[in-house]
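Q: One structure, pasted below without further comment.
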Amino acid sequence: MGVLLIFFSILFAGISFSMREKKVRVIDKLNEYDASIEREVDARIAVEARKGPIGKIAELLLHSSSKKKSISKSAKKYNQADFSMTYEEYLVVKFMGLISIGFFVFAITKNFVLFTMALVAVYVVPNLVVKAKISKRVKAFDMQLNEGLVMISNALKAGYSFLQSLAVAAEETQPPFSTEFKILLKELSLGIPLEDGLNNLYDRISSEDLQLIINAILIQKDVGGNLSEIIENIAETIRERQRIKNEVKTLTAQGKLSGLIIMIMPSFLGVVIYLFDNSYIEMLFVTLPGRLMLGTAFFSQLLGWLFIRKIINIEY
């Protein structure tokens with residue numbers, strides 16, 4: 001009972017800190033109608049968060065690491081997921097989860113193997129969630145990109161300037177396309193060069209199709225040409241790329257599922273057998289033949305997964 005009380009106390013403390021640092025007055029809800037005020041509020045909350053308990057813990061975690069480049073790259077990747085939490089808050093929640101869940105599992109089971117597995121799961125799962133959110137967001141953006149490019153091309157044909165055409169596309173589309181292009185318009189209106197603004201857009205949305213249109217716009221800026229026609233041709237190219245991409249995904253779905261089953265099933269069966277009769281499977285870890293069998297099985301499984309991945313990884 002005492003262990004459970006300590007566990008839930010740690011979780012409650014973390015949630016309380018997070019909720020306390022995100023309090024916004026009722027009148028501030030009106031600010032959502034003004035994008036500039038909304039960004040100012042977000043910046044103020046971020047500054048206040050750095051001064052609070054979570055900010056101090058995050059600062060301690062960041063300063064304790066010697067891999068500054070790795071942290072910067074991870075923060076940039078995390079920001080692409082567009083979560084409501086800042087990267088510092090994400091680190092603290094992840095760190096608290098490692099401590100609390102790891103302590104809880106070890107206190108309940110008194111088993112070092114399950115304790116290690118719990119730590120690995122708590123460390124890996126948030127990264128997988130971030131990666132899945134980025135992939136989902138990029139996919140949604142790509143689905144809207146062709147429609148947005150057609151709007152920009154039509155607006156240019158109607159006599160609008162490039163910035164006015166971007167504004168039309170941003171107003172007539174849905175997030176995440178509209179959100180990202182509104183940020184781009186705000187940056188350009190503040191005097192940021194077009195090349196830097198487009199590169200910032202690509203940093204927020206790492207899409208291959210977006211990279212294609214950015215290169216086309218920058219080349220047109222240097223050498224000239226009919227921008228409306230260029231964007232229209234690029235939109236047609238992107239439409240064909242997406243069609244081929246969907247066909248490839250359909251044809252390789254079975255191979256991907258086979259590779260996933262091959263990777264998951266041995267580990268899943270091993271955990272199930274360990275829970276029912278740990279002495280039966282512990283022989284694989286404590287005896288030399290068992291360790292050789294484990295090493296051979298792991299190598300064979302990895303080799304099979306690499307072969308399947310090579311077969312289904314079609315470049316186009």
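Q: Take the residues in segment 233-248 that are over 12 Å from LEU145 (Cα atoms) and acidic (Asp, Glu), then tell me which one is modelled with the lowest pLDDT.
A: So the residue we want is GLU247.
Q: Could you give every pair whose Cβ atoms fall below 7 Å, whose first residue belongs to segment 209-229 and is in the same structural domain as GLY159 (by TED's automatic domain parsing), and whose second residue is of a type in the set (Asp, Glu), counting only separations of at least 6 or pairs across chains?
A: ASP209/ASP142; LEU218/GLU195
Q: Sticking with this one: Could you check segment 152-164 and list, in sequence order, the residues that are free of Cβ contacts under 8 Å to residues at least 60 places away in the same chain and surrounded by 20 or more Cβ atoms within 10 Å (Cβ to Cβ)?
A: Passing the criteria: only ALA155.
Q: Follow-up question, since we're still on this one. Could you tell me whether GLU208 is surrounded by fewer than 15 Cβ atoms within 10 Å (Cβ to Cβ), out of contact with any Pro (no Cβ under 8 Å at 6 or more places or on another chain), farther than 21 Å from ALA81 by Cβ and among the acidic types (Asp, Glu)? Even if it seems obvious, please write down each step before you answer.
A: Values: surrounded by fewer than 15 Cβ atoms within 10 Å (Cβ to Cβ): yes; out of contact with any Pro (no Cβ under 8 Å at 6 or more places or on another chain): yes; farther than 21 Å from ALA81 by Cβ: no; among the acidic types (Asp, Glu): yes.
Taking the combined requirement at face value, the residue does not satisfy it.
Q: Can you name the condition, by its number, that GLU236 falls short on among (1) surrounded by 11 or more Cβ atoms within 10 Å (Cβ to Cβ); (2) over 30 Å from LEU198 (Cα atoms); (3) within 33 Å of the chain's Cα centre (by Cα)?
A: Condition not satisfied by GLU236: (2).
Q: Looking at segment 257-264, is at least one residue within 30 Å of ASN79 (Cα to Cα), more than 24 Å from the chain's Cα centre (by Cα) and of a type in the set (A, V, I, L, M, F, W, C)?
A: no
Q: Keeping to segment 196-225, report how many residues are of a type outside the set (S, T, N, Q), over 18 Å from LYS186 (Cβ atoms) and not in a helix (DSSP H, G or I).
A: Result for segment 196-225: 2.
Conditions tested, residue by residue: (1) touching a Phe, Trp or Tyr at 6+ places or on another chain (Cβ under 8 Å); (2) of a type outside the set (Asp, Glu); (3) under 20 Å from PHE141 (Cα atoms); (4) loosely packed, with under 13 Cβ neighbours inside 10 Å.
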position: LEU166; (1), (2), (3), (4): yes, yes, yes, no
position: PHE177; (1), (2), (3), (4): yes, yes, yes, no
position: SER189; (1), (2), (3), (4): no, yes, no, yes
position: GLY197; (1), (2), (3), (4): no, yes, yes, no
position: LEU212; (1), (2), (3), (4): no, yes, yes, no
position: GLU229; (1), (2), (3), (4): no, no, no, no
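The values are calculated or read from the model by the stated rules, or taken from the named source; none is laboratory data. All values reported here derive from a predicted model rather than from experimental measurement. Note that we place each Cβ from the backbone using ideal geometry, even for glycine, and neighbour counts take in every protein chain shown.
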